[in-house]
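Q: Structure below; questions to follow.
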Amino acid sequence: MKTITFLASLVALTVGGSSTVLRAAAACCAAPTPAGSRETGAISSVPLPARSLFQFDAKLTDDAGRTLALRELRGETLVVTMMFTHCAYACPMLVNDLRKIREQLSPAIRTRVRFVLVSFDTERDTVEVLRAYRAAQTLDDRWTLLRGQAADTQTLAMLLGVQFRREANGQFGHSNVITVLNPEGEIAHQRLGLAGGLEGAAEAVVRVTKP
C-alpha cells in the first residue's frame, strides 16, 4: 500500500518541479514502519522518520540475485546514484565520482558507508549484467548494485529527483544526481551534474555517519 501512496503523491506533485516532488514524496508516508536490519536480520522497533526514503517499500534485486528493500540497508550511510551499464559517458563519470568521494573518507568511516548503484535500464541490466559490471569495475562488497521493476524504478528515480528517458537507439538521456542518505534514509545532501561538489558530498557523508 505504501508504494501506491508514493505513486499517487508523486503524480499529484509533479507539476511543482522535481525538488517539490522529492520533498513531499519523501514525507508522504509519515506512518512509522518497522525496518529490517541487513546485518542482524532483525526487525527494528524504532519507527522510520517521516522523510525517510526507506518508506519506499518496493523490492529490488542485487547482482547476486538477492531480493531486498532499501530499508534493509538501514543503519549505514548510503551514497546513491542511478545509472545504466551500457552508458558510455556520464555513468562512468558518476561511478568514478563515487570512488573519489570514498577516497576522501577515513578507513573508519568507509566501513559504515555503502555505495549504491541503481540501474534504470530494466530490460538490459539483468542480474548477470550487473554482476559482470561489478567485476569489470572491480567493485568490492561496500558497493551494492540494484535493479527493479520498471514502475518501481521510476518511482525511486522521482524520489531521488532523477529524470531519465529511453531514446530510440536504446540509450538513455538522464540527469546526473549523487544522493547522500543518512542511516535513517533521509536525504542529507545531493550533488547535481557532473562537475565539482565532491568535497561537499564527502563532508556530508562524514557528518551523518554514525561513529
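Q: When the range 99-134 is examined, which residues are found to be among the hydrophobic types (A, V, I, L, M, F, W, C) and touching a helix residue (DSSP H, G or I) at 6+ places or on another chain (Cβ under 9 Å)?
A: Passing the criteria: Ile101, Leu105, Ile109, Val113, Phe115, Val116, Leu117, Val118, Phe120.
Q: So for the range 60-68 (the condition being in contact with a Gly (Cβ under 6 Å, 6 or more places away or on another chain), at pLDDT 95 or above and not charged (D, E, K, R)), does at least one residue qualify?
A: yes
Conditions (1) at pLDDT 95 or above; (2) closer than 12 Å to Lys100 by Cβ; (3) of a type in the set (Asp, Glu); (4) assigned to a strand (DSSP E or B), marked per residue:
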| residue | (1), (2), (3), (4) |
| --- | --- |
| Thr179 | yes, no, no, yes |
| Pro183 | yes, no, no, no |
| Arg191 | yes, yes, no, yes |
| Ala195 | no, no, no, no |
| Glu199 | yes, yes, yes, no |
| Val206 | yes, no, no, no |
| Pro211 | no, no, no, no |
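Q: Quick test for you: out of Arg110, Arg99, Arg66, pick the one residue that is charged (D, E, K, R) and under 16 Å from the mean Cα position of the chain (by Cα).
A: Step by step, each of Arg110, Arg99, Arg66 is checked, and only Arg99 is charged (D, E, K, R) and under 16 Å from the mean Cα position of the chain (by Cα).
Q: Sticking with this one: Being more than 15 Å from Ala88 (Cα to Cα) and either of a type in the set (Val, Ile, Thr) or surrounded by 19 or more Cβ atoms within 10 Å (Cβ to Cβ) (or both) is the filter here; which residues of the range 152-176 pass it?
A: Result: Asp152, Thr153, Thr155, Leu156, Ala157, Met158, Leu159, Leu160, Gly161, Val162.
The values are calculated or read from the model by the stated rules, or taken from the named source; none is laboratory data. A quick note: this is a predicted structure, and the numbers were derived from the prediction, not measured. Here Cβ is always computed from backbone atoms with ideal geometry, including for glycine, and neighbour counts include all displayed protein chains.
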